[in-house]
Amino acid sequence: MPYFTYLPHLAFFALGTLLGLEVSYKWHSEPFVVRKIELIPLILALIGGGLMVFYVPIGLLLIGFVIGMRPGYGVYETIIGILFALILWVTL
Amino acid sequence: MIYPTTGSLIYLLLEIISAFIFGGLLLGLHRKIIARIQGRPGPPIIQHLLHTFKFYIKELSIPDTSSLPLYIAIVLSLDGVWILALITVPILLGPFGIVIMCYAIHKVSEHGIGLASGSPYAKTGSSRAVLSATAEMPLIVAPALVFFKTHTLMLDGIITYQLVHGSLFMQLPLCALATFVLVLSKTPYNPFGIVWGKDIVSGHKTEHFGVIRGVLMMGEILGFFVLLWCFLTIFFGGIITTPLAYILAMTGVTVLLAFICALSPMVAPYHSVMIQWMFALLAVLNVIFV
């Protein structure tokens, strides 16, 4: 069964989570979590959600970036991005 | 069964890499869900993969009390059996008996890994591995009952049977439950995880550091993928037929396993054995009475 056809999807998602982790720790080095929706991750999540409908690997890269952010961050942005992808998929 | 050719080595390698990445992400998701249930943010989903790669660049320190050939070779054998199982069954749709043998060698490897270092924590873990081997009754019972039903242990034959007669989950539900318990017993932080319990630090893995620990984690990732795939194929092969369906189904089963692991305590060694024996007995009763 050709699972490797999904290797780009898996690799891009893993790469996205790794990038999100590294970048979010650069952005937020404080020892506490500030719970709010941030603009840049939200934009990335929306773009990723939109691209998920048209070209999945790049969409997974961006969604993975937001999912992989420092624990406590990126939760709301992830949910919004996935909801946006679902809405696009249903309407298109 | 799909027979490999000389030109298919690249194909096999790509499949192994895909299984490794996906299995690592599943184990990371598993740990994340457990943490969320416990009210913690938990590590990132990529953590399991990162740890696996991290250990490859860590110093390998070998205890003076260790048996060096066994210390290294047993870990490589554990990786080797799961790569063999991955190639034979999910990729080439070969005989399920190979997975049973690989599972048995995995148990032997757990025992050997614990004994190889000379550490008391590792030795206790390996003793529990021997004890928990008796709990692997579902590993023998379930395939036997599937064979009695389908008259084959070749995965392509089992899939074909289910496409014609419907999923085995509807025909052997208790057998499926016993196999699910088997998959659960190989999941991290599971209630039957006496071999690597926190009361003995990391159990049989306690004294394996550096590159050897990375190799060990890679074997565990591949083993988890193979067991999940086999469970879904043998009992839901008539429903789950495409790679995307497998990815979604394996993610769903991982979520379910995470809930069970988070919400159930670790049972004592003898209770672990008896509970798994009970599920094996239920599988036998399924065939007798249904």
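The values are calculated or read from the model by the stated rules, or taken from the named source; none is laboratory data. All values reported here derive from a predicted model rather than from experimental measurement. Note that we place each Cβ from the backbone using ideal geometry, even for glycine, and neighbour counts take in every protein chain shown. Each accessible area value is taken on the protein alone, full model and side chains, heavy atoms only, with ligands, DNA and RNA left out. Shrake-Rupley method; radii C 1.70, N 1.55, O 1.52, S 1.80 Å.
Out of region A:1-53, which residues are part of a loop (DSSP other than H, G, I, E, B) and either at the interface with chain B (Cβ under 9 Å from one of its Cβ atoms) or more than 28 Å from A:L92 (Cβ to Cβ) (or both)? Can you show your working first?
If we filter region A:1-53 for residues that are part of a loop (DSSP other than H, G, I, E, B), which is where we start, we get A:1-2, A:28-38.
Scanning region A:1-53 gives A:M1, A:P2, A:H28, A:S29, A:E30, A:P31, A:F32, A:V33, A:V34, A:R35, A:K36.
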Exercise. What about B:L25, is it touching a helix residue (DSSP H, G or I) at 6+ places or on another chain (Cβ under 9 Å), within 13 Å of chain A (Cβ to nearest Cβ) and not in a loop (DSSP other than H, G, I, E, B)?
Worked result: yes
For this session: Would you confirm whether any residue within region B:60-67 is under 19 Å from the mean Cα position of the chain (by Cα), within 22 Å of B:K205 (Cβ to Cβ), more than 14 Å from chain A (Cβ to nearest Cβ) and open to solvent by less than 40 Å² (accessible area, probe 1.4 Å)?
Result: no
For this session: Specify the residue that is modelled with the highest pLDDT; the eligible residues are those in region A:32-73 that are basic (K, R) and surrounded by fewer than 19 Cβ atoms within 10 Å (Cβ to Cβ).
Result: A:K36
Exercise. From the list B:I10, B:I91, which residue is modelled with pLDDT under 90, touching an Asp or Glu at 6+ places or on another chain (Cβ under 8 Å) and within 14 Å of another protein chain (Cβ to nearest Cβ)?
Worked result: B:I91
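Look at region B:199-212 and say how many of its residues are open to solvent by 40 Å² or more (accessible area, probe 1.4 Å), assigned to a helix (DSSP H, G or I) and either at pLDDT 80 or above or under 14 Å from B:E110 (Cα atoms) (or both).
Qualifying residue count, region B:199-212: 1.
Yes/no matrix, rows are residues, columns are (1) under 13 Å from the mean Cα position of the chain (by Cα); (2) farther than 19 Å from B:F96 by Cα; (3) of a type in the set (S, T, N, Q); (4) away from chain A (no Cβ under 14 Å):
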residue: B:S202; (1), (2), (3), (4): no, yes, yes, yes
residue: B:V215; (1), (2), (3), (4): no, yes, no, yes
residue: B:F231; (1), (2), (3), (4): yes, no, no, yes
residue: B:I240; (1), (2), (3), (4): no, no, no, no
residue: B:A245; (1), (2), (3), (4): no, yes, no, no
residue: B:T251; (1), (2), (3), (4): no, yes, yes, no
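Quick grid of which residues meet (1) open to solvent by less than 10 Å² (accessible area, probe 1.4 Å); (2) at pLDDT 85 or above; (3) more than 30 Å from B:K58 (Cβ to Cβ); (4) among the aromatic types (F, W, Y):
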{"site": "B:Y121", "(1), (2), (3), (4)": "no, no, no, yes"}
{"site": "B:L155", "(1), (2), (3), (4)": "yes, yes, yes, no"}
{"site": "B:T160", "(1), (2), (3), (4)": "no, yes, yes, no"}
{"site": "B:K186", "(1), (2), (3), (4)": "no, yes, no, no"}
For this session: Report, by residue number, each residue of region B:37-59 that is exposed (fewer than 15 other Cβ atoms within 10 Å of the Cβ) and without any contact (Cβ under 8 Å) to a residue 40 or more places away in the chain.
Result: B:G39, B:R40, B:P41, B:I57
Exercise. Which one of these does B:A262 not meet: (1) surrounded by fewer than 17 Cβ atoms within 10 Å (Cβ to Cβ); (2) over 20 Å from B:R31 (Cα atoms); (3) in contact with a Lys or Arg (Cβ under 9 Å, 6 or more places away or on another chain)?
Worked result: (2)
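Quick one: is B:G80 under 16 Å from B:G214 (Cβ atoms), at the interface with chain A (Cβ under 9 Å from one of its Cβ atoms), among the small types (G, A, S) and part of a helix (DSSP H, G or I)? Don't jump to the end; show me each part of the working.
Numbers: under 16 Å from B:G214 (Cβ atoms): yes; at the interface with chain A (Cβ under 9 Å from one of its Cβ atoms): no; among the small types (G, A, S): yes; part of a helix (DSSP H, G or I): yes.
So B:G80 does not fit the description; no.
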Seminar exercise, completed: Restricting region B:128-138 to residues that are touching a Leu at 6+ places or on another chain (Cβ under 9 Å) and surrounded by fewer than 22 Cβ atoms within 10 Å (Cβ to Cβ), the one nearest to B:E207 (Cα to Cα) turns out to be B:E136
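Which residue is modelled with the highest pLDDT, if the candidates are limited to region B:217-229 and must be in contact with a Pro (Cβ under 9 Å, 6 or more places away or on another chain) and away from every other protein chain (no Cβ under 14 Å)?
First, pick out the residues of region B:217-229 that are in contact with a Pro (Cβ under 9 Å, 6 or more places away or on another chain): B:220, B:224-226, B:229.
In the following step, the residues that additionally are away from every other protein chain (no Cβ under 14 Å) were identified as B:220, B:224.
Numbers: B:E220: 91, B:F224: 94.
Across region B:217-229, the extreme among qualifying residues is B:F224.
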For this session: Please indicate, with yes or no, whether at least one residue in region B:31-48 is within 14 Å of chain A (Cβ to nearest Cβ), on the phi > 0 side of the Ramachandran plot and of a type outside the set (V, I, T).
Result: yes
